[in-house]
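Notes to accompany the following structure.
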Amino acid sequence: MRLPKDILSEIYIKPRIFLCEVDKERICQLETTNTNASLKFNSYSELSFDVGRTYNDFMTGETKPNPHYNKIEALRLIEVENVGYFEIQGPEITGNGIEEKKSITAYSLEYTLSQKYIENLIVNTGTIGSIEVTYAEEKGDINNIVPVTLYNPDVPELSLLHLVLKHVYGWKIGYVDKSLQTLSRQFDVDRESVYDFLI
């Protein structure tokens, strides 16, 4: 990802930051200070910034209350334009009696998958309780056991991605390359986060 540059000065421009509802509907644009991002491609990314209870109106020069300050709370989303969405963790409030600010830490959305767990997932073991065996039993054809594959849009009950994501709010399956769809592996998971399982 490359930050946009001002054409004349060659200085990088901070992307716009929006406060959003959990369904990604924008509430407002935020004026932030001390904005830092640690963007990663092999783990979830981190964003931190501060937002004041008041702000200076550039047009009038007045100090005004931030109308959306109280809406900046845990689990709401932050959209960094052209970068992605981040989930707010518990904001830290600091002040000196005159000024107050919230210091925000937010993690990219895949972090939410580390808070959801897969429990008792048995796949492609060929034993009683294994998903493919249970599916064949339910269909009344125990002699025709079909393995669970990575992605099977025609039979979601035998699709690993469907099985793992069905209880995770806000996530859906996008494009899965055809060469990967029919891959089949054996799993016996007692309890593991969805994020760790997928990684």
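The values are calculated or read from the model by the stated rules, or taken from the named source; none is laboratory data. Small disclaimer: the values here were computed from a predicted structure and weren't measured. Methodologically, a virtual Cβ is constructed for each residue, glycine included, from the backbone with ideal geometry; neighbour enumeration extends over all protein chains shown. Ligands, DNA and RNA are stripped out before the accessible areas are found, and what is left, the full protein with its side chains, is counted by its heavy atoms. Shrake-Rupley method; radii C 1.70, N 1.55, O 1.52, S 1.80 Å.
Table for the structure above
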| quantity | calculated |
| --- | --- |
| Residue check for residue 193: surrounded by 15 or more Cβ atoms within 10 Å (Cβ to Cβ), within 24 Å of residue 115 (Cβ to Cβ), under 24 Å from the mean Cα position of the chain (by Cα) and among the hydroxyl-bearing types (Ser, Thr, Tyr) | no |
| Total residues in the range 61-75, condition open to solvent by 40 Å² or more (accessible area, probe 1.4 Å), not in a strand (DSSP E or B) and not aliphatic (A, V, I, L, M) | 7 |
| Residues within the range 76-133 that are among the hydrophobic types (A, V, I, L, M, F, W, C), open to solvent by 30 Å² or more (accessible area, probe 1.4 Å) and either within 17 Å of residue 37 (Cα to Cα) or part of a strand (DSSP E or B) (or both), tallied | 4 |
| Counted residues, the range 37-60 - those being closer than 17 Å to residue 90 by Cα, out of contact with any Leu (no Cβ under 7 Å at 6 or more places or on another chain) and either open to solvent by less than 30 Å² (accessible area, probe 1.4 Å) or not in a loop (DSSP other than H, G, I, E, B) (or both) | 6 |
